[in-house]
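Below is one structure, written out as C-alpha coordinates; the observations come after it.
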Amino acid sequence: MRSNMELVTQGPANVPGQSARGAAAPRESGFASGFANLTEAVDAVAAVDALLASLAASRAVLMESVREWVAGRPELFGASEVETDDLAGLAPELVEELAKALRVPEGTAVALIEESRALVHEHPRTLAALRGGHITHAHAQTILGYTDGLRRGNRVALETRLLKRARTTTPGELSLVARTERERRLRPDRPTGVPVVRQAAAARRQRLSASPTGRPTR
(Lines give C-alpha, C1' and ligand atoms only; values in the text may rest on other atoms or scores of the structure.)
Protein backbone atom coordinates (compact mmCIF):
# COMPACT_ATOMS: atom_id res chain seq x y z
CA MET A 1 0.00 0.00 0.00
CA ARG A 2 1.38 3.35 -1.00
CA SER A 3 1.66 6.21 1.44
CA ASN A 4 -0.94 8.98 1.59
CA MET A 5 1.57 11.41 0.11
CA GLU A 6 2.04 9.15 -2.89
CA LEU A 7 -1.72 9.00 -3.39
CA VAL A 8 -1.94 12.78 -3.12
CA THR A 9 0.91 13.59 -5.50
CA GLN A 10 0.38 10.97 -8.21
CA GLY A 11 -3.22 11.79 -8.98
CA PRO A 12 -6.32 9.73 -9.79
CA ALA A 13 -5.06 8.44 -13.15
CA ASN A 14 -2.41 6.32 -11.41
CA VAL A 15 -4.66 4.93 -8.71
CA PRO A 16 -6.07 1.40 -8.97
CA GLY A 17 -9.60 1.46 -10.28
CA GLN A 18 -8.76 3.96 -13.01
CA SER A 19 -8.53 2.99 -16.65
CA ALA A 20 -5.45 3.70 -18.75
CA ARG A 21 -7.09 6.92 -19.89
CA GLY A 22 -8.00 7.97 -16.36
CA ALA A 23 -11.69 7.08 -16.55
CA ALA A 24 -13.17 6.03 -13.23
CA ALA A 25 -14.20 2.42 -12.81
CA PRO A 26 -17.87 1.82 -11.95
CA ARG A 27 -18.85 2.89 -8.43
CA GLU A 28 -15.38 4.31 -7.80
CA SER A 29 -14.21 7.89 -7.82
CA GLY A 30 -10.72 9.41 -7.70
CA PHE A 31 -8.59 7.71 -5.05
CA ALA A 32 -11.37 5.56 -3.58
CA SER A 33 -10.00 2.11 -4.40
CA GLY A 34 -6.52 2.99 -3.15
CA PHE A 35 -7.48 3.20 0.54
CA ALA A 36 -7.19 0.33 2.99
CA ASN A 37 -9.54 1.87 5.57
CA LEU A 38 -11.30 5.08 6.59
CA THR A 39 -8.40 6.29 8.71
CA GLU A 40 -6.07 6.15 5.74
CA ALA A 41 -8.61 7.96 3.57
CA VAL A 42 -9.12 10.77 6.10
CA ASP A 43 -5.37 11.04 6.65
CA ALA A 44 -4.94 11.62 2.93
CA VAL A 45 -7.40 14.51 3.05
CA ALA A 46 -5.59 15.92 6.10
CA ALA A 47 -2.28 15.68 4.20
CA VAL A 48 -3.70 17.84 1.44
CA ASP A 49 -5.01 20.31 4.02
CA ALA A 50 -1.53 20.54 5.57
CA LEU A 51 -0.10 21.12 2.11
CA LEU A 52 -2.55 23.99 1.54
CA ALA A 53 -1.46 25.55 4.84
CA SER A 54 2.18 25.26 3.81
CA LEU A 55 1.40 26.91 0.49
CA ALA A 56 -0.36 29.76 2.31
CA ALA A 57 2.82 30.31 4.33
CA SER A 58 4.92 30.29 1.18
CA ARG A 59 2.58 32.81 -0.42
CA ALA A 60 2.92 35.10 2.61
CA VAL A 61 6.72 35.01 2.44
CA LEU A 62 6.73 35.62 -1.31
CA MET A 63 4.17 38.41 -1.08
CA GLU A 64 6.22 40.18 1.59
CA SER A 65 9.34 39.80 -0.58
CA VAL A 66 7.47 41.39 -3.48
CA ARG A 67 6.30 44.27 -1.27
CA GLU A 68 9.84 44.91 -0.08
CA TRP A 69 11.13 44.73 -3.65
CA VAL A 70 8.59 47.32 -4.80
CA ALA A 71 9.22 49.56 -1.78
CA GLY A 72 12.94 49.53 -2.52
CA ARG A 73 12.46 50.72 -6.10
CA PRO A 74 10.38 53.92 -5.90
CA GLU A 75 11.85 55.16 -9.16
CA LEU A 76 10.04 52.39 -11.00
CA PHE A 77 6.64 53.23 -9.57
CA GLY A 78 6.62 57.01 -9.33
CA ALA A 79 6.56 57.12 -5.55
CA SER A 80 8.88 58.50 -2.91
CA GLU A 81 11.09 56.00 -1.10
CA VAL A 82 9.53 54.47 2.00
CA GLU A 83 10.64 52.09 4.69
CA THR A 84 10.05 48.42 3.85
CA ASP A 85 7.69 48.06 6.82
CA ASP A 86 5.60 51.15 5.96
CA LEU A 87 2.31 49.88 4.56
CA ALA A 88 1.14 53.41 3.85
CA GLY A 89 3.72 53.46 1.07
CA LEU A 90 2.16 50.64 -0.95
CA ALA A 91 2.50 51.32 -4.64
CA PRO A 92 -0.92 51.44 -6.35
CA GLU A 93 0.54 49.34 -9.16
CA LEU A 94 1.39 46.55 -6.70
CA VAL A 95 -2.12 46.47 -5.25
CA GLU A 96 -3.72 46.63 -8.69
CA GLU A 97 -1.59 43.88 -10.19
CA LEU A 98 -1.96 41.56 -7.19
CA ALA A 99 -5.72 42.03 -7.15
CA LYS A 100 -5.87 41.22 -10.85
CA ALA A 101 -3.60 38.17 -10.57
CA LEU A 102 -5.42 36.75 -7.54
CA ARG A 103 -8.87 37.75 -8.83
CA VAL A 104 -9.80 39.57 -5.62
CA PRO A 105 -10.88 43.13 -4.80
CA GLU A 106 -8.06 45.59 -4.19
CA GLY A 107 -9.07 45.86 -0.54
CA THR A 108 -8.56 42.13 -0.16
CA ALA A 109 -5.16 42.40 -1.84
CA VAL A 110 -4.13 45.10 0.64
CA ALA A 111 -5.30 42.91 3.53
CA LEU A 112 -3.22 39.99 2.22
CA ILE A 113 -0.16 42.22 1.95
CA GLU A 114 -0.63 43.44 5.52
CA GLU A 115 -1.22 39.89 6.73
CA SER A 116 1.93 38.66 5.00
CA ARG A 117 4.03 41.42 6.55
CA ALA A 118 2.69 40.62 10.02
CA LEU A 119 3.38 36.90 9.64
CA VAL A 120 6.95 37.42 8.43
CA HIS A 121 8.05 40.18 10.78
CA GLU A 122 5.87 39.98 13.88
CA HIS A 123 4.63 36.39 14.06
CA PRO A 124 7.36 34.06 12.81
CA ARG A 125 6.14 31.26 15.09
CA THR A 126 2.66 31.43 13.61
CA LEU A 127 4.23 31.42 10.16
CA ALA A 128 6.28 28.35 11.09
CA ALA A 129 3.19 26.54 12.40
CA LEU A 130 1.36 27.38 9.17
CA ARG A 131 4.27 26.21 7.04
CA GLY A 132 4.40 22.93 8.97
CA GLY A 133 0.68 22.34 8.43
CA HIS A 134 0.01 22.39 12.18
CA ILE A 135 -2.58 25.18 11.82
CA THR A 136 -4.73 26.37 8.95
CA HIS A 137 -4.75 29.75 7.26
CA ALA A 138 -7.97 30.56 9.14
CA HIS A 139 -6.24 29.80 12.47
CA ALA A 140 -3.35 32.07 11.50
CA GLN A 141 -5.75 34.90 10.61
CA THR A 142 -7.48 34.50 13.97
CA ILE A 143 -4.18 34.73 15.84
CA LEU A 144 -3.12 37.82 13.90
CA GLY A 145 -6.47 39.50 14.41
CA TYR A 146 -6.63 39.03 18.17
CA THR A 147 -2.99 39.88 18.89
CA ASP A 148 -3.06 43.05 16.80
CA GLY A 149 -2.54 46.22 18.82
CA LEU A 150 -1.27 44.50 21.97
CA ARG A 151 2.01 45.44 23.60
CA ARG A 152 4.82 43.09 22.61
CA GLY A 153 4.82 41.13 25.87
CA ASN A 154 1.08 40.56 25.80
CA ARG A 155 1.16 39.82 22.08
CA VAL A 156 3.81 37.13 22.47
CA ALA A 157 2.06 35.57 25.46
CA LEU A 158 -1.31 35.48 23.69
CA GLU A 159 0.23 34.11 20.50
CA THR A 160 1.90 31.32 22.47
CA ARG A 161 -1.36 30.30 24.09
CA LEU A 162 -3.36 30.47 20.88
CA LEU A 163 -0.81 28.46 18.90
CA LYS A 164 -1.10 25.68 21.45
CA ARG A 165 -4.90 25.72 21.36
CA ALA A 166 -5.06 26.00 17.55
CA ARG A 167 -3.80 22.45 17.12
CA THR A 168 -6.94 20.99 18.69
CA THR A 169 -9.68 23.56 18.00
CA THR A 170 -11.60 24.95 15.06
CA PRO A 171 -10.99 28.59 14.05
CA GLY A 172 -14.35 29.48 15.62
CA GLU A 173 -13.46 27.84 18.92
CA LEU A 174 -10.05 29.50 18.86
CA SER A 175 -11.73 32.86 18.33
CA LEU A 176 -13.75 32.41 21.53
CA VAL A 177 -10.60 31.61 23.49
CA ALA A 178 -8.75 34.51 21.88
CA ARG A 179 -11.49 37.02 22.69
CA THR A 180 -11.49 36.08 26.37
CA GLU A 181 -7.71 36.09 26.61
CA ARG A 182 -7.40 39.42 24.79
CA GLU A 183 -9.92 41.12 27.06
CA ARG A 184 -8.07 39.80 30.10
CA ARG A 185 -4.82 41.24 28.85
CA LEU A 186 -6.36 44.60 27.99
CA ARG A 187 -8.09 44.92 31.37
CA PRO A 188 -5.81 46.65 33.88
CA ASP A 189 -5.27 45.09 37.28
CA ARG A 190 -7.41 46.61 40.04
CA PRO A 191 -5.33 49.07 42.09
CA THR A 192 -5.13 48.38 45.78
CA GLY A 193 -7.94 50.07 47.72
CA VAL A 194 -10.16 50.79 44.68
CA PRO A 195 -13.66 49.38 45.22
CA VAL A 196 -14.75 46.64 42.85
CA VAL A 197 -17.85 48.66 41.86
CA ARG A 198 -15.76 51.62 40.72
CA GLN A 199 -13.42 49.30 38.83
CA ALA A 200 -16.36 47.62 37.05
CA ALA A 201 -17.86 51.00 36.10
CA ALA A 202 -14.56 52.10 34.60
CA ALA A 203 -14.39 48.85 32.61
CA ARG A 204 -17.91 49.42 31.25
CA ARG A 205 -17.01 52.94 30.12
CA GLN A 206 -13.93 51.58 28.40
CA ARG A 207 -16.00 48.99 26.52
CA LEU A 208 -18.52 51.61 25.44
CA SER A 209 -15.74 53.72 23.97
CA ALA A 210 -14.11 50.77 22.20
CA SER A 211 -13.53 50.91 18.46
CA PRO A 212 -15.36 48.55 16.06
CA THR A 213 -12.29 46.29 16.11
CA GLY A 214 -12.81 45.63 19.80
CA ARG A 215 -9.72 47.57 20.91
CA PRO A 216 -10.23 50.45 23.37
CA THR A 217 -9.73 53.86 21.84
CA ARG A 218 -6.68 55.71 23.06
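The values are calculated or read from the model by the stated rules, or taken from the named source; none is laboratory data. Since the model is a prediction, treat every value here as computed from it, not as a measurement. Heads up, the Cβs are rebuilt from the backbone with ideal geometry, glycines too, and the neighbour counts pull from every protein chain shown. For accessibility, only protein heavy atoms count, side chains too; no ligands or nucleic acids. Shrake-Rupley method; radii C 1.70, N 1.55, O 1.52, S 1.80 Å.
Evaluating ARG215 against the criteria (1) closer than 24 Å to ARG117 by Cβ; (2) at pLDDT 90 or above leaves one unmet condition, (2).
In region 54-76, the residues that are over 18 Å from ALA111 (Cβ atoms) reach residues that are charged (D, E, K, R) with C-beta atoms within less than 7 angstrom, at least six apart or across chains, in these pairs: SER54/ARG131; PRO74/GLU81.
Within region 142-181, the set of residues being over 18 Å from ALA128 (Cα atoms), among the polar types (S, T, N, Q) and open to solvent by 50 Å² or more (accessible area, probe 1.4 Å) comprises ASN154, THR170, THR180. The single condition among (1) more than 12 Å from the chain's Cα centre (by Cα); (2) surrounded by 15 or more Cβ atoms within 10 Å (Cβ to Cβ); (3) under 22 Å from SER65 (Cα atoms); (4) in contact (Cβ under 8 Å) with a residue 40 or more places away in the chain that GLU115 does not meet is (1).
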